[in-house]
């Protein structure tokens, strides 16, 4: 149950960073959806290593293969199994880490949990696990597109640089996924500088969903925001999330935080969407907006202190081919998780009424 | 599935604000745990209305009744059903709200979802739903105490006032659950002022878990932090969460955010617990620390603008007996959710290895 | 998770035979269904003790109370909590059984599982647990009635006497729920004779569902027949189940067992419905027919040999007020389980296609 | 959720008969179990087509590949993904069936459910889906072996011929998996005769589990027998199941069906294990014995009548390479399902008590 996400539109991912392959089984995609490998590949390419000078030089084509659930270009209602083969696994770089706990990584906590661990590239805790999420997320997006939902993600902040202008068209035009064309080159520069200094940068991603119908989400536990939070914080390196005005709500008064309902051309909306599109855990029909804190890449080339499995303090240098910042490649993963949550709740909404 | 939380130590809550009763069924509590109604009541009393001048004057004893699963003072391994009867339901105050959407509330989104709604006191979206969580959380705490886990919650910030000193002993000594004895009276004052002005205040709660063994949480989706985030953000009025250094991670470099492992008297720990006790989704054996943003109470007595179910703009005055700030009574609820997540993962950890 | 049944239309039952109450929480009933306590009570009365001379003389009104989820006569989409109070619990009859394992009962296996047990009336293993199922099943029936599904159960065989004629009108006209008016009095006689001899009788129940739309059930694991089997065999005292021709299929050839599809007035059906309404785990649109073997009541008044908790062989006499046969009161429980499975799959079918 | 089985030791199978591959993801296998591909292959070979003259001549090596979850010969606690590639898919034989509903098959019910279907070899409804079950079942068996549980399956009855002698050593010595060496050749003969006559045979499989500890299974819904029933009846072509004395219980009196507890050399057991190793849904520590009715292969070469998708009556001849009886190859699948249920409950039993 641990590698499973979503109750109705439900995925199980599998695979380790240096195993033969990674993948996902998507169970619960309705029958009759047009789907082909290009739909998936397009999203995987956005998440791929080696896409630019600000990402890891590991060379993985991340070519997806659909192994089941699709026939004649249509989903069959049966599980969609997708596999991505590992090609460029150079495990030798990890030999010296076998008995060391990398700072900021899951090495120690995994060993504490299981008593054994796959030290090669972090094994299951590697960011490579997310290929399966992105592949399934691409299917979710196709389903959501049927009702007009679109999902956008971008680098809102990186190394202290903040995108002021949010131009959605701009995002994929630069290699840092920054929606502000003036800030984007500064971000690139900051990353390269950090890399040169054998260091890494953190940032803030924003995820936006438009066209979301009102009524998605469940009261009490499976609130749309609670599920989005779980989905997004299940991505490695994320440490905080806020919805709408988020932490700023803590400093408001009710008379400020309350957002009057208004009738906009026949559609009931709030004046300022301070809540980020969700009230009482259920979507209001307005844009959903989420901010996600991403910590700097834990794998840095400079020497650090740590302990080994025998408990002795020692020095460590993390070799390997790492991203100097995670946020650029995390954006498509975060979008995928948002898509998976929304697709799940879109289907669950079909269960809400005796008659629709 | 929507009113269910936890995979192994699992609860289902039920009940509406103005229905005859509310309650919870806890399925998955192991047999042989000492349990009686006082264990539960102690926590419910902390969450109760009318406990002081800063909480709602609604008069509910919130007396719990255990209806099953306990025999001779021991849990039986079977479901523990607990009920709390509503006594002081004055639904007349809500008659005028039947066709109005209260700003900041779930009225509109519920109606959009279900096509029908219980307008009396918010129905299922009411904070009263959380009595069941607190009752079940009290059982979780008893289970956690078996291995030395303790959970503390407090008001870190309220109406702009920040507790600087964190003295856990201080928390229950003042009516705002502030761990800083100098700030507490200022917070009380701020609340009373807001109340007088027919307004309400937001704040930040911190939840701390000590004594948590290393190894709790699952890779990938059911990460301990992801599950805590879902649990805490499933509480009404919460809008953001951060773990350890949280959003500050976004502005760090890897060389700052990485936290060297050290050997402290034979126990492997990190130097500064920047991660808040969780790495790769799995507990490190250090304290878990979470910050939760709470918006101001949406029900305020001053006039607001809104629309009615016919889509016409109108004025609204929300009567009823409301808390001028939610955070004071939310703290025990947040603690309960933390306890439920930890209890669930404590049991799940028994499944992690072939031999223990 | 253990006391939970159904994935979408999902129930959790709770309660022990001699605890204060028993009940059920139904999560996943769609909003807008007309529902009142009489709908539920009608089914509970059919399952009640003391309804005739062939059932236990324990005196329980089994009056249901709906505690949540219904407002103004309509379901709200939120959990429906229902409680039935125990009134006539005479636990003294069980004092002498505290350290004995009753033959045919779960006393030993419960103790082996939990290390503790509630010996009063079997605790959780008592047939009284099924009141919650019948209460929730009554809601399922109301939902199913919206699409024309009706469920019938009857005593097909009892103490070797077989109902040859199946007249559905006849079932509730006699106290043994036998659809054959000529066999019914013989069954009554057989029960009374067994009772007089301090013994009990087994039998076979048939459960029939009519009006089931084609397409319910899932491929592979959650087949409609697999789920019905689980539901029905989760009722205490059941030991075998068959669908359609059942065990007789084992002696057929493919040319006999295959059932040609035919076009009956525009509806595709099979010639003889040998499969019992399900092919490949999915309903065909024909009647679903199931046969269920029910063992004789394990509690019999005559002396038996057994061992005690110390492992010593001893004699036992099971006092208490028991049914001389289980099947009469099991029929409404089996109907309820059938209804719950069908309601769950009726809703799940809404998830099967991109467009309906 | 539909292609998922097991709550803790949990599998998701995927794949169609004529797609590129089939497989399974096993989530919840504890870390530290020795596992290699030969463990899996051994069981797959027992289920393979083309193993003898009584099985289908389709030529599939069914070579398993473990893609994740195993490192250095040990399970890692992470999902174990296994794939089996389809090699010998001759879809042309199915072209003429595209618009026909094969009698006894799921063609019509799948189309009624999904509105689309993969007609090639039955798609997802094909018996080939079970390779994933057998692969995962092999892992379950390794886990069960740790505590001494062994599982045996055999052909108890076939085409009216009944194995009288149950010699477990004999089972794999003959090609029909009959435990009676005198009956085995008669069964072979009967199959070949049916095949010659373009027909097929049904039968009864028995599944036996030895060494099962007392205490497995849950009260109420997830009873061990209910879960075994669901698991076994989720295998295509099964139509009935009985536990222990099964349907014979219906004709017994309580004084016969009750099975006195006895102390056998310090172990509490029943005299005759009439219940088949399960009382109140929980294992007693005795052998679990189940009988499963298997219908004749639906695909037979002789001409049959049916209707097409336009609803017109027509003739059909099912070409393809089919087993003249299903039971021989179903036995290892049924064993696998038994193993999966027991492994799940073996782990779940770790959750039953506060202290073990």
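Each value in this text was obtained by applying a stated rule to the coordinates, not by laboratory testing. What you see is a predicted model, and the numbers here were worked out from it, not measured in a lab. Quick reminder, even Gly has a Cβ in these numbers, built from the backbone with ideal geometry, and neighbours come from all protein chains shown.
Things to note:
- Normalised by the number of residues in segment B:4-351, the mean separation of alpha-carbon contacts (under 8 Å, six or more apart) gives a relative contact order of 22 percent.
- Exposure proxy order (Cβ contacts within 10 Å, fewest to most) of D:13, A:306: A:306, D:13
- Folded to 0 to 90 degrees: helix C:130-145 orientation relative to chain C principal axis, Cα: 20 degrees
- Kirkwood hydrodynamic radius of chain C, Cα pairs, Å: 21.4 Å
- Under the simplified labelling scheme, the residue A:182-residue A:52 pair shows an inter-label distance of 1.9 nm, with each label point 7 Å from Cα along Cα→Cβ.
- As a length-normalised measure over Cα pairs under 8 Å and 6 or more apart, the relative contact order of segment D:189-315 settles at 39 percent.
- Plainly put, the tip 7 Å out from Cα toward Cβ on residue A:192 is 6.2, 7.9, 10.0 nm from that tip on each other copy, the closest given first.
- Taking chain C as a Gaussian network of alpha-carbon nodes connected by springs under 10 Å, the highest mean-square fluctuation of the residues C:262, C:328, C:318 belongs to C:262.
- Shielding by partners, peptide A:344-354 (average Cβ within 10 angstrom, other chains): 6
- Mean-position separation - Cα centroids, segment A:181-223 and segment A:109-145, in angstrom: 19 Å
- Across the identical copies, the label point of residue D:57 (7 Å from Cα in the Cβ direction) is separated from its matches by 5.8, 7.3, 9.1 nm, in order from shortest.
- Efficiency of FRET between residue B:91 and residue B:63 - r from beta-carbon atoms, R0 25 angstrom, step 0.05: 0.75
- Degrees separating the helix A:224-233 axis from the principal Cα axis of chain A, which is the longest one: 10 degrees
- For segment A:206-267: rounded, prolate or oblate by the Cα gyration tensor [a/c cutoff 1.5]: oblate
- By the count of other C-beta atoms within 10 Å, a proxy for reagent exposure, A:225, A:180 are ordered fewest to most as A:180, A:225.
- Each copy carries a label point for residue D:181 at 7 Å from Cα toward Cβ; from one copy, the others' points are 6.2, 8.7, 8.9 nm away, ordered from shortest.
- Degrees separating the helix C:184-196 axis from the principal Cα axis of chain C, which is the longest one: 20 degrees
- Residue-averaged 222 nm ellipticity for the protein assembly as shown, from DSSP H runs of 4+ at -39500 (n - 2.57), nearest 500: -7500 deg cm²/dmol
- Simple label model, 7 Å out from Cα along Cβ direction - residue A:303 to residue C:145, nm: 8.1 nm
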